[in-house]
C-alpha cells in the first residue's frame, strides 16, 4: 500500500464517513431511465415500503410510541421512520441497471409484446428462464 492510498484511507477515517465502493445508478444514462415506467416506480415503491416496515418492526431502537426516530436538538441524526423514499430511489436505479443488462444480453421470448416485454435468460447450465419486468422488480 502506497503513501497516497494510506492518506486517502486516513482522510476517510478522520471524517468518520464511509464511502461506498459503487453507487446505484452511477453508470445509467437518460435512455436507461426512460425505460422505467410509472408502473415500475409504483411497484418498486410498494415493495420498498413493505421492506422498510418489516425492518422497522425488528429494530430494537423503537420508542414506546412505536417511532424509530430519535430527535436531538430539532433534527433526526439517525434518519427518520420512513426511509422508504430513499430505498425506492435506490431500487429504481438498480432496476434500471438490471433492465439495461437483460435487454442487451437476452433475446425476446415468443410471448413478448411491446407493452409487456419478456426475455429468455440462459443459465450457466444451459437451462432457460423467462424474465419479465416483474421478475426484475424483485
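Evaluate the following for residue 113: is it surrounded by fewer than 10 Cβ atoms within 10 Å (Cβ to Cβ) and either at pLDDT 70 or above or under 13 Å from the mean Cα position of the chain (by Cα) (or both)?
Criteria met by residue 113.
Does residue 124 qualify as being in contact with a strand residue (DSSP E or B) (Cβ under 8 Å, 6 or more places away or on another chain) and at pLDDT 90 or above?
So residue 124 does not fit the description; no.
Residues are listed down the side, and each one gets a yes or a no for (1) assigned to a helix (DSSP H, G or I); (2) more than 20 Å from residue 98 (Cα to Cα); (3) modelled with pLDDT of 65 or more:
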residue: 39; (1), (2), (3): yes, no, yes
residue: 42; (1), (2), (3): yes, no, yes
residue: 46; (1), (2), (3): yes, no, yes
residue: 49; (1), (2), (3): yes, yes, yes
residue: 55; (1), (2), (3): yes, yes, yes
residue: 60; (1), (2), (3): no, yes, no
residue: 67; (1), (2), (3): no, yes, no
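Pull out all pairs, ordered by first then second residue, where Cβ-Cβ is under 6 Å, the residues are six or more apart or on different chains, the first lies in segment 12-36 and is on the phi > 0 side of the Ramachandran plot and part of a loop (DSSP other than H, G, I, E, B), and the second is surrounded by 10 or more Cβ atoms within 10 Å (Cβ to Cβ) and modelled with pLDDT of 70 or more.
Note: pairs meeting the criteria are 25/93.
Under 6 Å between Cβ atoms, which residue pairs at least 6 apart in sequence (or on different chains) link something in segment 108-130 that is at positive phi and in a loop (DSSP other than H, G, I, E, B) with a partner that is at pLDDT 90 or above and surrounded by 12 or more Cβ atoms within 10 Å (Cβ to Cβ)?
none
The values are calculated or read from the model by the stated rules, or taken from the named source; none is laboratory data. Keep in mind that this is a model prediction, so the values were computed, not measured. Counting neighbours? That spans all protein chains shown, and the Cβs are built from the backbone with ideal geometry, glycine included.
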